[in-house]
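Worksheet: one structure, shown below.
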């Protein structure tokens, strides 16, 4: 979970399915699940916790489902105050990797060789760098006039093979912006 998700008390979901078609009534559909192998296995059995975000010409809907029930939020397009798309990366992984590399260099300067502990630190540094470059978390946030709105934190799914990036998030915001302007113009 990254800092932004921790701030909002929500963890990022992995995307199972994505569909964008501006010619249809349902212009955007994103279906996501909790991350992890157990959640994936539960989704195969149809008993997973899912989150669905849908964008229509006149509204944005989110549906959050779990074993304990469902929560549906519908926001009329005219009530959307702000639409935000962005991403975060685990910067602490990058910092930790740099610190580990510096410690290995220091040990090499002091002892003239790389020992067992330094080898472990090199492996740990590589893992930190890999995590930094692969753990991007995307955000779509639609705030409303006088209410909380809809926040959706998601990342690419390795298991399902659905890859989403910041260009995708920007495209969703552009669709919402066009729909909002069309509603205001009516």
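Throughout, read-outs are computed from the coordinates displayed, never taken from laboratory work. Only a predicted model underlies this, so the values are computations on that prediction, with no experimental measurement involved. Please note: Cβ atoms are built from the backbone with ideal geometry, for glycine as well, and neighbour counts cover all protein chains shown.
A few notes on this one:
- Stretch gain in nm, segment residue 102-residue 171, where the contour uses 0.36 nm per residue and the Cα spacing is subtracted: 20.8 nm
- Most to least packed among 13-19, 71-77 [average Cβ atoms within 10 Å]: 13-19, 71-77
- Helical mean residue ellipticity (222 nm; -39500 (n - 2.57) per DSSP H run of 4+; nearest 500) of the chain: -13000 deg cm²/dmol
- Two-site FRET efficiency, residue 78 against residue 29, from Cβ-Cβ distance with R₀ of 25 Å, rounded to 0.05: 0.70
- Summary value for the chain: 23 percent relative contact order, contacts being C-alpha pairs under 8 angstrom separated by 6+ residues.
- Each peptide in 152-158, 79-85, 58-64 was scored by the mean count of other Cβ atoms within 10 Å over its residues; highest first, the order is 152-158, 58-64, 79-85.
- Rounded tilt (10° steps) of 116-134 against the dominant C-alpha axis of the chain: 20
- Stretching the chain fully between residue 158 and residue 183 yields a gain of 5.3 nm (0.36 nm per residue, less the alpha carbon separation).
- Cα centroid separation, the range 49-84 to the range 144-186 (Å): 11
- The stretch between residue 135 and residue 68, if pulled fully straight at 0.36 nm per residue, gains 21.2 nm over its current Cα-Cα span.
- Per-pair calculated FRET efficiency, R0 = 41 Å: residue 111 and residue 39 via Cβ, rounded to 0.05: 0.35
- Degrees, to the nearest 10: 91-111 long Cα axis against longest axis of the chain: 10
- Angle in degrees between helix 166-185 and the longest Cα principal axis of the chain, rounded to the nearest 10: 20
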